[in-house]
Structures are given as structure tokens and as C-alpha cells.
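Take a look at the structure below.
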Amino acid sequence: MSAKNLAEVPKGVAIFVDANVFHLYLRGPKSIRDKCMGLLERIERGEVKGYTSALVLDELAYKLLLRRIEETHRRNPLEVIEEDPSAVGKSSNYVGEGLDIVLGIKGLEVLAVERHHAEEFVAYMKKYSLLPRDALHLSSMMAMGCKDIASADEDFDSVPGIIRWSP
């Protein structure tokens, strides 16, 4: 199944928000950033019920960290971190600012990743050929009966019954 337009998420839908939507909201090109902002504003107004997970926040923080180090050093951020671990601390304020923005979205519920999610996600990796992190997101969604995900990640299209809303 192909993705639907993020701007057309129906009122009242419960939707899991993937890290790439937050990242595009914070750092994407204006046209895509505006689409992501539209969804997040609808979550704030209570038109759409938004969920994410602690794992998504970890993924977002890591993306922001690597991007910031790459911008400040103009080279591979993993090499920079290996040579100078203090680069992580020097970029932490930037990461914190991004997370503060996301955590400030009223109505966005952050789900914990629990043992039963970890016990189930390998089955989703096997069944749908999802990477571990995506399979764990799917496990969180399934546990709460959420069938909609806001994501630019096409891998979720292989999961029957899941509707992906893409910016």
C-alpha cells in the first residue's frame, strides 16, 4: 500500500509520529516542514491524537546530534566523535533544543518501550522485513491498537492494515 498525504489525516485519528517527521519539522525544506507542522498543530489542537515513543526521541536526538557535528566540523560526524568525544557534549544544547520543541507539543503522548514490545518486535522484523527500530515502533503501535503512522519511511508500506501518512 502506498502512503497517503500527511495533510489529509482525518480528524479523530490516533497516529504514531516517527522520528523523520519530527526531524523534517525541525530541519526540512520549508514545503515539507510546513506539512509536518500542520500535523503537529492538529495534535496540539486535539483534532488528531498523537503518539510517539521514547525510542523515537532517542532516534531524533541521534539524528540531530550527527547533523550538528557534521555542520560544525564539515566531515563525517562518526569520525569526529571517535577522534573527539567532547564533540557530543558541545552539540548537546542543540539536541536539547530540538527535543524541547517536540516535548512541548501539547497532546503528544510519549509511550514507554516495555519488555513485551521487545519480545514481539523480532517477529515483525521477520514477517515484514523491517529494521529493528521500525519493528519496535510497529510493536508499540500494535500494542495500543494504532493503525496509522506519520512517516517518510516506505518500509511501513509492507505491513498490511497500517496506513502511512507521508509528508
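Some notes on this structure:
- Signed unit charges on C-beta, dipole axis of the chain, positive-most listed residue 28, 93, 121: 28
- Most positive-pole-ward Cα, 151, 108, 12, against dipole of the chain from beta carbon charges: 12
- Going from the fewest other Cβ atoms within 10 Å to the most, the residues 23, 137, 116, 73 appear in the order 116, 73, 23, 137.
- Residue order, fewest to most beta carbons within 10 Å, for 36, 146: 146, 36
- CD proxy at 222 nm, helix term only [per DSSP H run n ≥ 4: -39500 (n - 2.57); per residue of the chain; nearest 500]: -18500 deg cm²/dmol
- Magnitude of the charge dipole, region 84-131, Cβ model with Lys/Arg +1 and Asp/Glu -1, debye to 20: 160 debye
- The value of relative contact order for region 9-166, using C-alpha pairs under 8 Å at least six residues apart, is 29 percent.
- Subset of 11/106; 11/35; 4/147; 49/126; 35/147 violating a 25 Å alpha-carbon distance limit: 49/126
- By the count of neighbouring beta-carbon atoms within 10 Å, fewest first, 15, 101, 162 end up ordered 101, 162, 15.
Each value in this text was obtained by applying a stated rule to the coordinates, not by laboratory testing. On a predicted model such as this, the values are computed, not experimentally measured, just so you know. Because the Cβ atoms are built from the backbone with ideal geometry, glycine has one as well, and the counts that use them run over all protein chains shown.
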